[in-house]
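This report concerns only the one structure given below.
Just so it is clear, none of the values below were taken in a lab; they were calculated from the coordinates. In this text the structure is predicted, and so the values were computed from the model without any measurement. Cβ atoms come from the backbone with ideal geometry, glycine included; neighbour counts cover every protein chain shown.
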Amino acid sequence: MAETSSRYTSVAITLHWLIALAILGMIFGGWYMSDLPDGAPGQYFLYQMHKSIGITILLLTVARILWRVMNPPPPLPDDMNGLEKTASHLVHVGFYALMIAMPLTGWLYSSVSIRLDVPTVLFRVISWPDIPFVSGLKTEAGSGAVNFVHSKLAWATLGLLALHVAGALKHEFSAEEGVLKRMLPGLFGKTAKPALPARGALVAFGSAVGLLVLIAGTPPLLSAVTNGTTATTTAAFTPNWTIDYGASSIRFSGIHDGNPYSGSFNDWQAAIDFNSDDPEQGRAEISVNTGSAAANQRLYTDSLKSAEWFNIAEFPLATVEVSNMRAGPTGYIATARLTLKDLSVDAPFEFELEFDGDQVVMTGQTQFQRTPLDLGQDSDPGADWVAEDVQVDVVVEASRTN
Ligand code: HEM
């Protein structure tokens, strides 16, 4: 075998094997995860990892294509005939098309899927938006068709892979000048250095990072500009307590995928009228900025904002009216009427008060159910992943004003 053929650049070789391994893992991992029954332990994590690695493949493919333009690969060996060269070229073009189409159809599917209407958070850190302006495909038929294409492209990838591997092996072992050693130097024989020094790393990888920043950064920027919601109460009574919001909290918690989740609302306002010598006349009104919910995982925070949960775009505020206060088994019991997304439910609210002169600390809790509030009813109506009950814990520190 000749030793003169020059190899690919180290960057091209690294990208080639990295992406190849990732795609193979994605295909077999994709089959495995989509065969799991809904609610199987760890399924959520697998889907998020699949989406994270898939988007990474898309961005690396952008870098790879730019790199290839700036660092043309070594020419195919002269002993390959015209037909073989054309076939090899077509397989490569097909691969580049698939490396773009596989992640794009996956991204489109996760943007329009009804069954899997769950936001994407890359590697648990970066919120990745759905593709905009494709809601027309968000039907059983539309998302089914996209899923079909995504699934069949996996088979097309495996078909091309078979041709690619057969071609590479044939031209390694039967031709005068092997080709595999150019992509696997050392293992299949020595090669000459790339003909030209490598260039354009900043452009190739900078563009991929730029694309990531642009796509992930635009939605938070837009919502910062357009979201002017703040919680405000419009109580018809005069409150007699002033709340220390820094020391007070409204927290929520429950179970997701077998693990506890929790979070709190960072923007809420309450008006309270309460006298301990006449608790039956007590009342409170609370306004909660639904978009201010922050959970212990970014995925949960992003999910809560979406249309099937709090739908913050249409319903930026929720309200709670607390009334019917009376002595309870420990402390007091009242009725909390929660209104969210134009739906109202009543739940018993138990609370205790600890007075210190004109200061009070109130600790209370209640439970709501997801179904009557139409929370997560598209993707998880059977509570396979997210438990039906949501616990709400409230702490209010306040000082008496009159
Ligand atoms: C090179 C990249 C990718 C490859 C090779 C790949 C491959 C696969 C495969 C083989 C399946 C199983 C299909 C079946 O059931 O027959 C699958 C499912 C899926 N993929 Fe991808 N994928 C890629 C990128 C992505 C991306 C970027 C996303 C989203 C951002 C995504 C989202 C999904 C989803 C949500 C499913 C589940 C379908 C279901 O369970 O109904 N994929 N993928």
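Below, the figures for the structure above:
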{"quantity": "Within the range 10-224: Cβ-based charge dipole about Cα centre, in debye rounded to nearest 20 (Lys, Arg +1; Asp, Glu -1)", "calculated": "440"}
{"quantity": "Highest average packing first - 196-206, 304-314, 100-110, Cβ atoms within 10 Å", "calculated": "100-110, 304-314, 196-206"}
{"quantity": "Net charge of Cβ neighbours under 9 Å - reference ARG283; Lys, Arg +1; Asp, Glu -1", "calculated": "-3"}
{"quantity": "Under 25 Å from LYS170, Cα to Cα: lysines that are on another chain or at least 8 residues apart", "calculated": "LYS85, LYS181, LYS190, LYS193"}
{"quantity": "Dipole of the chain, positive end: most advanced residue of GLN43, TRP268, SER6 [Cβ charges, Cα centre]", "calculated": "SER6"}
{"quantity": "Test item: Cα-centred dipole of the chain, Lys/Arg +1 and Asp/Glu -1 on Cβ, debye", "calculated": "2660"}
{"quantity": "Under 13 Å, Cβ to Cβ, from GLN377 - net charge with Lys/Arg +1 and Asp/Glu -1", "calculated": "-4"}
{"quantity": "Cα-centred dipole magnitude for the range 256-402, charges only on beta-carbon of K, R (+1) and D, E (-1), debye, nearest 20", "calculated": "180"}
{"quantity": "Karplus (6.51, -1.76, 1.60) ³J(HN,Hα), θ = phi - 60°, over the range 387-394, in Hz, Gly and Pro reported as x", "calculated": "4, 5, 7, 10, 8, 10, 10, 10"}
{"quantity": "Farthest toward positive dipole pole in the range 257-402 [+1 Lys/Arg, -1 Asp/Glu at C-beta], among GLN377, GLN365, ALA313", "calculated": "ALA313"}
{"quantity": "MRE, 222 nm, helices only [DSSP H, n ≥ 4, -39500 (n - 2.57), over the chain, to nearest 500]", "calculated": "-13500 deg cm²/dmol"}
{"quantity": "Residues of the range 278-298 with amide N under 20 Å of the 7 Å Cα→Cβ point at PHE315", "calculated": "285-295"}
{"quantity": "Stretchable slack from THR14 to ALA236, in nm (0.36 nm times residue separation minus alpha-carbon distance)", "calculated": "73.2 nm"}
{"quantity": "Modelled label reach - ALA307, point 7 Å along Cα→Cβ, the range 125-154 residues with backbone N closer than 20 Å", "calculated": "128-148"}
{"quantity": "Proximal lysines relative to LYS341, as straight alpha-carbon distance under 24 Å, when same-chain residues fewer than 8 apart are discounted", "calculated": "LYS138, LYS305"}
{"quantity": "R0 of 41 Å, Cβ-Cβ distance ILE100-THR363: FRET efficiency to nearest 0.05", "calculated": "0.15"}
{"quantity": "Which of THR238, ALA97, PHE28, positive extreme of dipole for the chain (C-beta unit charges)", "calculated": "ALA97"}
{"quantity": "Radius ratio Rg over Rh of the chain, counting only Cα atoms, Kirkwood formula for Rh", "calculated": "1.16"}
{"quantity": "The chain: angle of helix 140-173 to the longest principal axis, Cα-based, in degrees nearest 10", "calculated": "30"}
{"quantity": "Under 12 Å, Cβ to Cβ, from ALA295 - net charge with Lys/Arg +1 and Asp/Glu -1", "calculated": "+2"}
{"quantity": "Distance in nm between pseudo-label sites at ALA201 and SER34 (7 Å out along the Cβ direction from Cα)", "calculated": "3.7"}
